[in-house]
Amino acid sequence: MKLRAELGTILAAVACCAAPAADLGMHRNDEWRSVPVDRVRLNGPLGRRVALTATNNLMKIDLEGAFFKPFREKKSGGGFIGLGKFLDGAAYLAKYMCDPAVTARKNEIARVLVETQGEDGYIGYFAPGACLKALWDLHEMGFILQGLVSDWELFGEKRSLEAARKAADYIMRNWTSLPDGWEFNFITDRETTLGLGHGFIRLAAATGERKYLDFARNERALLDWNAPIVLGRGKMYYGQAYGYLGTVLEQLELYGQEANPKLLRTSFRALDHMTHNDGLLIDGTGGIAECWTDDQDGEGDVGETCFITYQFLFYDRLLRLGQGDAAQLGDLMERLALNALPAAQSRDGRRLRYYTPINGHRKYWGSDSYCCPNNFRRAMGRLPGYVYYEKDGAILANLFEASTAQLDVGTAKVRVTCDTDYPVSGKVFYTLDPERPAQFAFMFRLPKWCKEPKVLVNGKLVTYPCAPGEMMSLPRVWKKGDVVAIDLPMEIRCVKGRKRQSGRFAVMRGPLLYALDTNRVKTFEKAHPLDAATVIRLDPAQLVFKPNADGGRSALCGTAIATRANVIASDWCIGPNDPEVLLTEFADEDNTLTYFRTPVIQNPLFVDDELFVGK
């Protein structure tokens with residue numbers, strides 16, 4: 001176990017954030033509670049990404065030019081800016097960072113939103129004749145409600161809550177005046193109003209006013225909505241994966257209030273499509289041109305950042321409600337957190353992506369506004385809340401990350417410290433420090449990718465029967481200084497591609513996916529000036545893990561995501577000179593090739609992807 005040299009600094013940071021946070025939507029049917037982000041300090045790759053997003057992205061944006069000007073002018077007849085999403089992400093980042101400068105920036109965003117609100121309650125940037133009716137005004141207002149409610153929940157800002165109430169009342173007053181067929185003029189109403197129902201449900205929880213919950217329940221017909229998974233675009237956005245999960249999330253929030261099983265139908269349909277019907281790619285996300293797909297096409301407009309964000313929200317809500325397999329949900333969140341999400345951000349944190357292809361050139365989005373950049377900030381701001389969960393009688397360590405957390409287990413307060421360099425290695429050490437001896441279960445998943453996990457409590461091997469892909473529960477009376485040591489051996493896996501990737505394989509080690517920057521691969525032989533993406537075939541028997549193998553670009557990538565882990569492979573199709581090929585973490589911003597060719601895919605060294613293997 002490495003020394004905890006930074007523990008004092010970390011605990012001081014926790015103490016500075018110790019002000020009690022508002023109850024973030026906890027309902028009577030929740031099985032697990034989210035741990036407020038200000039009670040968690042992350043000191044590994046996830047924490048560095050969160051901090052990078054706050055300091056090098058949120059704090060660098062031209063607020064007036066990118067966001068505020070249209071809200072002051074109110075001249076638009078269409079379009080989307082995303083200021084509500086921006087405030088929502090800024091609120092979570094500010095709460096986690098405990099940095100006065102970040103909090104001041106959040107306050108400025110909220111102040112401008114409130115100051116530009118009309119006397120009638122409207123908050124937006126549309127001209128009077130276009131309000132509510134034109135795209136994407138209702139969508140924007142739904143997330144404005146959510147951003148303002150987050151400011152109330154996290155910081156107790158009464159002005160923001162009052163502005164949200166006035167905006168919601170404005171929508172309700174004008175709802176019946178919308179022209180017939182407005183929702184089907186261009187796209188379906190679910191995409192037009194994405195975020196609106198969730199905003200009303202959260203506002204109902206914040207104010208205790210039933211009318212907002214009734215609006216979401218009845219006007220959005222959440223009990224009856226039971227749409228199928230539509231592949232590709234039908235009537236423009238009808239097959240939008242992000243829009244589908246947005247409505248699913250509204251149903252889950254309502255389920256937290258009334259536990260009607262009808263509200264779970266679409267959740268399990270979406271989860272089944274993603275995990276059992278080829279709906280997700282190997283990096284943990286999926287879709288093409290924003291829509292559902294099942295063909296495993298990894299090129300072009302795939303891996304929408306909005307979809308990634310809503311996958312996190314979806315998995316988190318299922319887990320808190322106790323619906324689905326908690327170990328599977330944790331594995332899915334981990335695959336996203338270490339691969340797809342960081343790949344949507346530049347090495348320095350400043351630029352963000354709309355799409356991140358598996359194979360092919362990756363591009364950055366050209367502005368700080370619109371949906372994907374703001375949803376990325378929302379995902380990063382909430383990421384600390386996905387590491388631990390709590391309830392009376394149990395703690396769940398969901399994501400393995402060097403961290404400390406202050407948790408409530410019934411009447412006992414427990415500090416948990418995680419020492420690890422995960423995912424460089426699979427050695428993870430949890431130290432539990434209850435304020436007094438306390439009976440509870442300490443729970444964590446054994447990742448499905450790990451063949452032979454080992455668990456020790458205070459140095460003694462645990463023989464409790466638990467297989468990879470299952471949740472380990474350790475109930476006992478815990479005392480200050482008790483240590484749970486988890487050893488998750490990480491072998492290199494050559495994962496067989498499916499459908500469009502059939503006959504190819506990808507390289508994984510533990511939770512990490514690896515890829516190649518084909519621009520770094522020069523022509524192998526002057527006589528064969530071939531595109532690297534079409535000629536490279538790797539021998540799985542020659543793959544070798546070498547931490548810090550490259551002092552150049554991969555080391556920079558390693559600094560960004562903290563693994564410093566590379567895979568060296570000998571290409572076996574070129575001839576006697578066999579050049580060495582460097583594979584780096586998928587999140588390395590210049591990687592362009594994830595699947596490789598092989599002459600014999602039936603080789604026993606090739607395995608199925610454990611997360612997406614049949615039913």
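Between the C-alpha center of segment 456-512 and that of segment 76-141 there is a gap of 42 Å.
Here segment 265-289 and segment 379-418 have alpha carbon centers that stand 27 Å from each other. Its Cα gyration tensor gives segment 332-410 an equivalent ellipsoid; the semi-axes, largest first and in whole Å, are 31, 13, 10. For segment 304-319, putting each phi into the Karplus relation 6.51 cos²θ - 1.76 cosθ + 1.60 with θ = phi - 60° gives couplings of 4, 5, 4, 5, 4, 4, 6, 4, 4, 4, 5, 4, 4, 5, 4, 4 Hz, in residue order, rounded to whole numbers and with x for Gly and Pro. In segment 35-386, a dipole from Cβ-located charges (positive for Lys and Arg, negative for Asp and Glu) runs towards its positive end, and of 268, 312, 46 it is 46 whose Cα lies farthest in that direction. Note on residue 608 and residue 367: the extension gain reaches 82.9 nm, defined as 0.36 nm multiplied by sequence separation minus the Cα-Cα distance. Under 5 Å between amide hydrogens, built in the peptide plane, is the criterion, and for residue 513 it picks out 586 among residues at least 5 positions away or on other chains. With neighbours defined as other Cβ atoms within 10 Å of a residue's Cβ, the residues 249, 461 order from fewest to most as 461, 249. Above 39 Å, the calculated P(r) of segment 35-386 contains 7 percent of its Cα-Cα pairs.
Neighbour counts of C-beta atoms inside 10 Å place 98, 306 in the sequence 98, 306, starting with the fewest.
I need 487, 609 ordered by Cβ neighbour count within 10 Å, fewest first.
Values: 487 15, 609 19.
Ascending Cβ contact count within 10 Å gives the list 487, 609.
Computed from backbone phi, the HN-Hα couplings of segment 263-269 come to 6, 9, 4, 6, 4, 6, 5 Hz, rounded to whole numbers (Karplus: 6.51 cos²θ - 1.76 cosθ + 1.60, θ = phi - 60°; Gly and Pro given as x).
Hydrodynamic analysis of segment 458-505 uses the Kirkwood radius over alpha carbon pairs. Inserted into Stokes-Einstein at 20 °C and 1.002 mPa s, it gives a translational diffusion coefficient of 145 µm²/s. Taking Cβ atoms as reference points and 14 Å as the exclusive limit, the residues near residue 76 contribute a net charge of +2, counting Lys and Arg as +1 and Asp and Glu as -1. Computed from backbone phi with θ = phi - 60° and the Karplus coefficients 6.51, -1.76 and 1.60, the 3J(HN,Hα) list for segment 87-93 is 4, 4, x, 5, 5, 5, 5 Hz; x is used for glycine and proline. Dipole magnitude for segment 264-315: computed about the Cα centre from +1 point charges on Lys and Arg Cβ and -1 point charges on Asp and Glu Cβ, it is near 400 debye.
Every read-out reported here was derived from the displayed coordinates using simple, explicitly stated rules and does not represent laboratory data. Treat the numbers as computed from the prediction; the structure is a model and nothing was measured. For neighbour counting, all protein chains shown are included, and Cβ atoms are generated from backbone atoms with ideal geometry for every residue, glycine included.
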